[in-house]
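This report concerns only the one structure given below.
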Amino acid sequence: MLSLCVYPHPALLAPTQKITQFDAALQQLGAEMLTLMYKTKGVGLAAPQIGRSIRLIVIDLDPENPQPLLLVNPEIVEKSREKEIDEEGCLSFPEIRARIPRAKQVNVAAQSVTGEKIEFTADGLLARCLQHEVDHLENIFFVDRASVAAKLSLKPALVKLRERAEAIKN
Ligand code: ZN
């Protein structure tokens, strides 16, 4: 059973490796990440969030109507200049929400869990979610992309998460 790494868990900041082995273990891991994501009511999850420093993400915007997307080695190859600001949360930052600007449309290149090349264009919430999850692979958090003013107001909540982690450790 996988468990979720909550900020400031060091796994969230570990550099990620490109995936080169498309085996049963990878498919199994993808399936387990989806299970955890559905269970925790998220719409996206990146491997660093479960303590694995590899380039794998899963997304499903509508768990009621499951259409899971598993992407290996995903890259945002192009993004629209036009941006949209909307509220985001993250399973690794419980109870924190912030308004984050993101490109409205992105072109993504990735591979499936069996190694096939995938390329597609996404917009709206899917584009937002893809940018958020790919950021995790670069060890960038959504709160890093908030405005200076928003960052300031998020500070107490982040301090609280760090204190909670300290309390568990001691
Ligand atoms: Zn996240």
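A few comments on the model shown:
- Extension gain (nm, one decimal) between residue 65 and residue 87, 0.36 nm per residue minus Cα-Cα: 5.7 nm
- Between residue 105 and 80, the built amide H atoms are under 5 Å apart, and every one of these is 5 or more places off in sequence or on another chain.
- Rounded if a/c under 1.5, otherwise prolate or oblate - the chain, Cα gyration tensor axes: oblate
- For the chain, the number of Lys pairs with C-alpha atoms closer than 17 Å, counting only pairs eight or more positions apart or on separate chains, is 5.
- Positive-end extreme of charge dipole, the chain - chosen from 44, 103, 140 (charges on Cβ): 140
- Per residue value of the accessible surface for the range 1-73 (all protein chains in place, 1.4 Å probe), Å²: 52 Å²
- Applying the criteria of a DSSP loop state and at most 14 other Cβ atoms within 10 Å to the trypsin sites (Lys or Arg not before Pro) of the range 16-86 yields 18, 41, 81.
- Hypothetical label at residue 1: residues of the range 25-43 whose amide nitrogen lies under 12 Å (7 Å Cα-Cβ projection): 36
- Extension gain, residue 107-residue 151: 0.36 nm per intervening residue step, less the Cα-Cα distance, totals 13.0 nm.
- Computed [θ] at 222 nm, helices only, for the chain once each DSSP H run of length n ≥ 4 contributes -39500 (n - 2.57): -10500 deg cm²/dmol
- Gyration tensor verdict on the range 75-170 (Cα atoms; rounded if a/c is under 1.5, prolate if a/b is larger than b/c, oblate otherwise): oblate
- On the beta carbon distance between residue 78 and residue 168, with R0 = 41 Å, the FRET formula returns roughly 0.50.
- Relative contact order of the range 34-142: 25 percent, from C-alpha pairs under 8 Å at least 6 residues apart in sequence.
- Near residue 44, the amide H atoms lying under 5 Å from its own belong to 60; only residues 5 or more places off or on other chains count, and H is placed 1.01 Å from N.
- ³J(HN,Hα) computed for each position of the range 53-62 - Karplus, 6.51 cos²θ - 1.76 cosθ + 1.60, integer Hz, glycine/proline x: 8, 9, 8, 9, 10, 10, 9, 8, 6, 9
- Three-way shape call for the range 1-88 based on the alpha-carbon gyration tensor, with the a/c threshold at 1.5: rounded
- Look at the alpha carbon pairs under 8 Å that are at least 6 residues apart: their mean separation over the length of the range 68-118 gives a relative contact order of 45 percent.
- Sequence ranges 84-91, 103-110, ranked by mean other-Cβ count within 10 angstrom, highest first: 103-110, 84-91
- Ordering of 3-12, 60-69 by packing [mean C-beta count within 10 Å, highest first]: 3-12, 60-69
- Fraction of beta bridges assigned by DSSP in the chain that are antiparallel (%, nearest 5): 95 percent
The values are calculated or read from the model by the stated rules, or taken from the named source; none is laboratory data. Everything numeric here is computed off the predicted structure, so don't read it as measured data. Note that each Cβ is placed from the backbone with ideal geometry, even for glycine, and that neighbours are counted across all protein chains shown. When the accessible area is computed, the model is the full protein with side chains, heavy atoms only, and any ligands, DNA or RNA have been set aside. Shrake-Rupley method; radii C 1.70, N 1.55, O 1.52, S 1.80 Å.
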